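Notes follow the structure.
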Amino acid sequence: MPKLIRFVIVNSLTGILIGWLVAAGLIWFNVRGFGELVMHSDQRAAALAILAMSFGVTFGFAFLATALILLPRDKDGFDRL
């Protein structure tokens with residue numbers, strides 16, 4: 001697999017995982033009653049799916065964008081990745 005494709009996949013998945021952990025933390029610690037609202041909802045599966053997708057996409061893109069900005073500018077630095 002090319003280095004750049006692997007770089008994008010690894011960083012996107014890392015960001016998605018961080019987003020899911022943040023979303024789980026919001027529910028687990030019941031921040032401002034959000035955990036109760038989600039867990040006592042009639043549409044719990046839909047609420048969790050929307051939450052997971054939105055946090056995953058947002059954090060995945062943010063982590064990938066940060067990693068791209070911090071990429072080395074010269075070829076020798078990129079080859080060390």
**Q.** Isotropic mean projected area of the C-alpha convex hull, the stretch 26-73 (nm²)
**A.** 4.0 nm²
Q: Return the sequence-ordered ³J(HN,Hα) values of the stretch 50-56 in whole Hz as given by the Karplus equation 6.51 cos²θ - 1.76 cosθ + 1.60 applied to θ = phi - 60°, using x for Gly and Pro.
A: 5, 5, 5, 5, 5, 5, x
**Q.** Where chymotrypsin sites (Phe, Trp or Tyr not before Pro) fall in DSSP loop in the stretch 18-71, at most 13 other Cβ within 10 Å
**A.** Phe29
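What's the local net charge at Lys3, with K and R +1, D and E -1, over the other residues with C-beta under 11 Å away?
Values: positive: Arg6, Arg80; negative: Asp79.
Taking every other residue near Lys3 into account, the sum is +1.
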Q: For the chain, restrict the atom set to alpha-carbon positions and state the Rg and Dmax in Å.
A: 16.8, 55
Q) Dipole of the chain (Lys/Arg Cβ +1, Asp/Glu Cβ -1, origin at the Cα centre): which of Thr14, Asn30, Ala52 lies farthest to the positive side? A) Thr14
Q: Would you please give the residues with an amide H less than 5 Å from that of Asn30, counting only those at least 5 places away or on a separate chain, with H modeled from the backbone geometry?
A: Gly35
Q: Return the distance in nm (one decimal) between the two label points of a simple spin-label model at Asn30 and Ser54, each offset 7 Å from Cα along Cα→Cβ.
A: 2.2 nm
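Throughout, read-outs are computed from the coordinates displayed, never taken from laboratory work. Given the structure is predicted, the values throughout are model-derived calculations rather than measurements. Ideal geometry is used to build each Cβ from the backbone, glycine not excepted, and the neighbour counts take in all protein chains shown.
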